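Contents: one structure, followed by commentary.
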Amino acid sequence: MDRRPFVGVSTYLVDASWSDWRDRRVALVPERYTSYVKDSGGIAVLLPPDAPERAPEVLARLDALVVAGGPDIDPAYYGQQPHPLTDVDTVERDVWECALLRAALAAGMPLLGICRGMQVLNVVCGGTLVQHLPDVVEVDVHTGSPGKYGTHVVRPVPGTLLGGLLPEPELTVPTFHHQAVDRLGTGLRVGAHAPDGTVEAVEGPGFTLGVQWHPEQGDDLRVMQALVRAATAARTPELDLDLGLGLGLEAVEAR
């Protein structure tokens, strides 16, 4: 019996209010991420921040990893002091997502970094970031407006993983970011640019991909569908046996 792959999605750790509850600490992620996974053929599994040493154990139960967008990673991770507009209040998430990415890279697990997730991937691989993109581009098309995504053109690089998934010369994508890749991390290559030269995608060995835009906010499923295909292809019988899938060992062995 085949099963849909389990795709781990990292989450925010924030104070939120709902119904009769106010300012409660919660682990959450926008629903568009889970729909993006579901609509692409996977099962989304939310990953709240945890002890970093548990990252390999967590990933052993999954088939792929998505590191979601969100606030800025602390620039101390790449040896810089914070820019005045850098948001560094994500200590638990920084530690956890770095651990998840290191474990996924070590295991060769299919992974996708979205916006912040791409930036954390670059930093984990030894790269650096432009801390405030409006300081270095003539016209900022990347940031959007408060509570609203913007759009701009990206140009996939032919011959790359992303260029194979998105073969058109350019496409318009949802965007909301004020930071970007500066020095590229070791083992990564650029998969797409914006017309102003901003790095819009990075990729590494196997299915290791980061995109600077927010594909979950649009209707184009091709990137996530490719992650799901890679996760399905990489899944091993041993992993299915380890999970048991709720069938009992005899039922699993009889498949």
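The values are calculated or read from the model by the stated rules, or taken from the named source; none is laboratory data. Being a predicted model, the structure only gives us computed values, none of them experimental. All Cβ positions, even for glycine, are placed from backbone atoms using ideal geometry, and neighbour counts span all protein chains on display. These accessible areas exclude ligands, DNA and RNA; they are computed on the full protein's heavy atoms, side chains included. Shrake-Rupley method; radii C 1.70, N 1.55, O 1.52, S 1.80 Å.
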(message) Can you find, within region 150-175, the residue that is least open to solvent (accessible area, probe 1.4 Å) among those that are assigned to a helix (DSSP H, G or I) and not hydrophobic (A, V, I, L, M, F, W, C)?
(response) G163
(request) Could you please find all residues in region 185-199 being open to solvent by 40 Å² or more (accessible area, probe 1.4 Å) and either outside any loop (DSSP other than H, G, I, E, B) or over 17 Å from L111 (Cβ atoms) (or both)? (result) R189, H193, P195, D196, G197
(request) Residue by residue through region 1-34, note down the ones that are among the aliphatic types (A, V, I, L, M) and exposed (fewer than 10 other Cβ atoms within 10 Å of the Cβ). (result) M1
(request) May I ask you to list the residues in region 82-93 that are surrounded by fewer than 17 Cβ atoms within 10 Å (Cβ to Cβ) and in contact (Cβ under 8 Å) with a residue 60 or more places away in the chain? (result) L85, E92
(request) Scan region 11-35 for residues that are closer than 24 Å to M224 by Cβ, of a type outside the set (A, V, I, L, M, F, W, C) and out of contact with any Leu (no Cβ under 7 Å at 6 or more places or on another chain) and report the count. (result) 6
(message) Based on this model, can you work out whether D140 counts as in contact with a helix residue (DSSP H, G or I) (Cβ under 6 Å, 6 or more places away or on another chain) and modelled with pLDDT under 95?
(response) yes
(request) Within region 47-76, track down each residue that is closer than 28 Å to Q225 by Cα, open to solvent by 30 Å² or more (accessible area, probe 1.4 Å) and assigned to a loop (DSSP other than H, G, I, E, B). (result) P48, P49, D50, A60, R61, G70, P71
(message) Take the conditions touching a Ser or Thr at 6+ places or on another chain (Cβ under 7 Å) and either modelled with pLDDT of 95 or more or closer than 17 Å to P56 by Cβ (or both) and apply them to G69. Does it pass?
(response) no
(request) Among the numbered conditions (1) in a loop (DSSP other than H, G, I, E, B); (2) buried (at least 16 other Cβ atoms within 10 Å of the Cβ), tell me where A44 comes up short. (result) (1)
(request) All but one of (1) within 27 Å of A64 (Cα to Cα); (2) over 16 Å from the mean Cα position of the chain (by Cα) hold for M109, so report the exception by its number. (result) (2)
(message) Please go through (1) open to solvent by 10 Å² or more (accessible area, probe 1.4 Å); (2) touching a residue at least 12 places away in the same chain (Cβ under 8 Å); (3) at positive phi for G147 and return the number of the only condition it doesn't satisfy.
(response) (2)
(request) Determine which member of the set G79, G108 is in contact (Cβ under 8 Å) with a residue 40 or more places away in the chain, surrounded by fewer than 18 Cβ atoms within 10 Å (Cβ to Cβ) and touching a Gly at 6+ places or on another chain (Cβ under 6 Å). (result) G108
